[in-house]
Each structure stands twice: as C-alpha cells, then as structure tokens.
1. Among 341-347, 282-288, how do they line up by average Cβ neighbours within 10 Å per residue, starting with the highest?
2. Set Lys and Arg Cβ to +1 and Asp and Glu Cβ to -1, take the dipole of the stretch 64-189 about its Cα centre, and tell me which of Q109, V168, Y81 lies farthest positive.
3. Taking R0 as 30 Å, what FRET efficiency do you get between A328 and R116 from their Cβ-Cβ distance, rounded to the nearest 0.05?
4. Explain nothing, just the number: dipole magnitude of the stretch 402-480 about its Cα centre with +1 on each Lys and Arg Cβ and -1 on each Asp and Glu Cβ, in debye rounded to the nearest 20.
5. For C442, enumerate residues with amide H under 5 Å from its amide H, sequence gap 5+ or separate chain, H modeled in the peptide plane.
6. Within a Cβ distance under 13 Å of V438, other residues only, what is the Lys/Arg minus Asp/Glu net charge?
7. Hey, can you grab everything whose amide H is under 5 Å from the amide H of V159? Only 5+ residues off in sequence or another chain; H modelled, so Pro and N-termini drop out.
8. Could you state the principal axis extents of the C-alpha atoms in the stretch 1-105, from the largest down, to the nearest angstrom?
Amino acid sequence: MRGQVAADAPMQQLSAQDASFLFFEGPRTPMHIGAVMIYDPSTVRGGRQRFTDILAFIEERLHLARTFRQKLVRVPLDLDYPWWIEDRDFDLEYHVRHIRLPEPGDWRQLCIQVARLHARPLDVSKPLWEFTVIEGLDAVPGLPPGSYAVVSKVHHAAVDGVSGVDLVQALHGLEPYPDQVPAPARAWYGETPPTPGELLFRAQVKALSEPLRFAEALLRAGARPAPRKVEGNDDTAPVTQTVPRTRFGRSVSPHRVMEARRFPIPAIRSVRRKVAGATLNDVILTICGGALRRYLAAKNELPDSSLVAMVPISVRGGAHDLGNRVAAMNVAMGSELDNPLERLARVHASARRSKALVDAVGARQLTEFARFVPAAMSAAAARLYTDFARDNPAALPFNCVVTNVPGPQVPLYSAGARLVSHYGLGPVYDGMGLMLPVFSYCGEVNIAVSACREIMPDPEFFAECLDASWFDLSRAAGVA
C-alpha cells in the first residue's frame, strides 16, 4: 500500500501440497480457484454502489487475510519450496478491476465474461489474487436494478476451498455497515526480497533438520490407533473399478466455460432421508451423476459403468490458517443407473466406503508426510505428471471433480450490499476437463460448472441437465 511500510512477522514457506499447485501450472492450465458473487445494492447508502467505495472497503480489511499482500519468492533451481513475503510494491488498484457487461447484460453474457476472466493465469510475480467488479447485470432474471457481480481469483497455492471461505468472510459481515473493523495487530510494511544466497542457505538448514522432523512425524503417526477394518461390498469401491473413458478425460485447451444452477437445501434434506444414512453431499453427487448421464446420453457417449468423481475432503485441524489441507476420495456417481433413488443408494454406499478407506489410511498424516518430499523432486514429479497427463489424458482414476464447500446460511453483506448468490470456480487440466464446484449459502446449494470449452461447448445444455436431474430425483422421492 502507498506509504505503508513493515511487519515483523517471519516469512512463511509453502507446504508441499501448496507448492504442487504452483508446479502443476502451465499456459493452458492455470491453477487458481475463484467465485462469482452477485450483490443487491438496495441496502447501500444512497441505493447505488460506487467502485471507489468497494476499493475503500477492501483497503480497510487487507490486514484480515495474509494472502492479500503476500507474494511468492522461489528458491533457485527449486531446491526448496517457495516462500511468502509481504509485497512492498503492493497496489490495490492492480488487483481490483472494474468492467461492464455489454447490452443487454443477461446471464449468458455474464457466464461468458466470467469464463474469459477465469481462463487467464494470475501474475506469479504479484500477490496471487484478483477481483473484477462487473456491472450491467440488467437482464439477469431475479436481480434488482443496479446489481453487480464480483469475480474472485485466488491461486490454489494460497488457499483451498475451506480457507477460501475464510478469505471471503474477511470481506463480508452480518450487517450492511458493521460498527467497526478489527484493528490490525501491528503496522504493515513490505519486505525486501531475500537474495538467492539467503534462500539457498535456508534450504540447506532445512535439509539438515528434516531427518529429525521426519522421525518425529513417524512417532506421531505410530501413536495413532490402529485403523478399523473397512467394511462394504467390493462393487461399491471406485478405487477398484475400471474408470470409463469419457470426453472429460481429454487434453484441455486454454479456453473455459462457466454455468450454474441453484437448488433448495430443505428439499435436498428431504430427499436424503429416502436412503438410510445418506448425506447432503450424497444427494449433490447424485444430482451431478444424473446430469452427466443425461448429457452423455444425448451425445451417444454414455458408458455402461459408473462415472467416478474425485471429491476433495478437508483434513484441516482447529487452526484456521490459509493454505491447503485436503485429501480426496473417489466416489461412483451412479451414472449407469436410470432410477434416481437407486443412484442415490449407489452413491451413498460408494462414498461411505471411500471415506472409510481415507480414514483408515490417515489422510492428515499423509499430508504431513508430504512436506518431507524435497522440493526439486516435487517440481520434477509435477513436470513428469503434466507430460504424462498430456500424452495419456484418460489415465486418471476419476472422470471429474466435485467440490462441496459449506458456506454460511445467513445473509452476508459487503461494502453495504447484500450477497445474493455465490458460485464456485475451479481449475481443469489434462485428463480432467470438468469440475463441478458446489457452494451452499443462505438456504441454497449452488452447483457451478467449470470446464474446457472444447470439451463442453454447450454449458447451457449441461445446466439444463442439472435441472432435469434434480426434478427426476425430487419427484422420485415425493418431494417435487
């Protein structure tokens, strides 16, 4: 920020998991996550939102999340993982932009503009985030006059889905104008980047101390209770089944598409009660599985066996630091089944077994052990994987990614405006050309679509498939 100068907080290093998203990034595969947040300005003083007011609002809250003003410095030859430092050249107006939709300003034009923004990589020489304020949503159904959107982009090296919610909450409150913003614990100022020699020295010190830390981690892991036997039928375990090939397993282009639909949480809860033990997440996966069934069947591409979704799960502890603390489970989506309730039962059985396998392996311990992998080896592995995925895109053990991030169930406000809806955005890459980010907010589940444009040239049709899948499921459950 202009005129501000220094925090005495020590530099923080990326974890192995955080750094992997940096190493995996390529010209066609930017590794940021994001959101489309739509606001109703009727609660703003004067009834009209100004861009300068949004800038001032964000500026007052920069100290609430470290990601806002930190940039990366990489160690020469990637001999160690990168470090976060406070960016002494931070410029808020670079990170917060302002555009307007062309007439008439409808939902389709918003989705196209969001997809264009999402396709562009972030500048890794600056703090790894951008917000774009989009005005002119005059023809989007259900929105009051003057509504606007904010499209966020934050690099996956900085946050995962859960810690991304913390970042969003830093800019939102329960009232249009809260009484006061928490004061910063200390004055902020930018840091002078460390020299290559200093970075190499830190890497050497870390290399000498890692064997002891690794031994301590092994002792902690050994103190864990022995895992219980994993129960369940073999035919419900996606990890042992052949994953069918689909159009989503191709290499991706640099172009993206975006769409989204909203579904009521009370009705979803009613549906889940039709299958004993089923969860909200099981119903969401069932909706997605039914949509994929319809979409691929319309193109005469529906496989005989079930599609498999990779579902990230948080292994975050009590501390709410930013960064990535996730594991993953593979879940059969029941796309081979025509009956929606049978599909829900299939998804529930598969998810239960996959979750038990993750628990038995000890996902949190695996993420802890990952930090002992040397950075140079991790970077080389990322390059090898990228080359392999490009040449063998159908080799991944899943067909798509479905993320489910629980959001607040009460109205939120930012810069005086009420948050109306929130849709997620996620990365796609070779072999995984479709991501379905799910975010719940204020009584609704929002299922969004992030996909390669060459793989899914008709996102509007897929959104219709989501609607149809939910209609079939709710009708079968007697909820419609």
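All of the numbers you see were taken from the coordinates with simple rules; none came from a lab. What you are looking at is a predicted structure, and each value in this text was computed from that prediction instead of being measured. Cβ placement follows ideal geometry from the backbone for every residue including glycine, while neighbour counts extend to all protein chains displayed.
1. Working: 341-347: 23.6, 282-288: 28.1.
Final packing ranking: 282-288, 341-347.
2. Of the options given, the answer is Y81.
3. 0.55
4. Values: 3 positive and 8 negative charges, 73 e Å.
Its charge dipole is roughly 340 debye.
5. Sorted by chain and number, the residues that satisfy this are Q409, V410.
6. Working: positive: R261, R262; negative: D282, E444.
Neighbour charge sum, excluding V438 itself: 0.
7. G323
8. 54, 37, 19
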